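These notes are about the structure you will find just below.
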Amino acid sequence: MSGTSDNNLALFCDFENIALGVRDEKYAIFDINRVLEKLLVKGSIVVKKAYCDWGRYKEFKATMHEASFELIDIPHVRQSGKNSADIRMVVDALDLCYT
């Protein structure tokens, strides 16, 4: 490859962590496009997936959908534990690697 713009990127986002950070810092507005702009310097984003309990973070759904993210719902239940999104992200990333 001649430059970083030839790279293909996959973005797997544990969105609950982002949403909690946005709330804790009391941002008036959340703009995922600022994050994407930084990543586009590294290459083309060919996969964008965001994982969380979208029922708990409804206010972010439209923004993420408009940015062409596939929204993966990880319902919050006691039995699944805190790592459910992490496990699903790893499974999806490995699936992408081997298909």
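Here A85 qualifies as in contact with an Asp or Glu (Cβ under 6 Å, 6 or more places away or on another chain), surrounded by 13 or more Cβ atoms within 10 Å (Cβ to Cβ), under 14 Å from D14 (Cα atoms) and touching a residue at least 12 places away in the same chain (Cβ under 8 Å). When region 18-35 is limited to residues that are farther than 16 Å from A62 by Cα and surrounded by 12 or more Cβ atoms within 10 Å (Cβ to Cβ), the one that is farthest from the chain's Cα centre (by Cα) turns out to be R23.
So is V46 surrounded by fewer than 16 Cβ atoms within 10 Å (Cβ to Cβ) and either without any contact (Cβ under 8 Å) to a residue 12 or more places away in the chain or touching a helix residue (DSSP H, G or I) at 6+ places or on another chain (Cβ under 7 Å) (or both) or not? Here the answer is no, as V46 does not meet what is asked.
FYI, it's all coordinate maths here, none of it is from the lab. Nothing here was measured: the structure is a model prediction, and the numbers come from that model. Cβ: placed from backbone, ideal geometry, glycine included. Neighbour counts: every protein chain shown.
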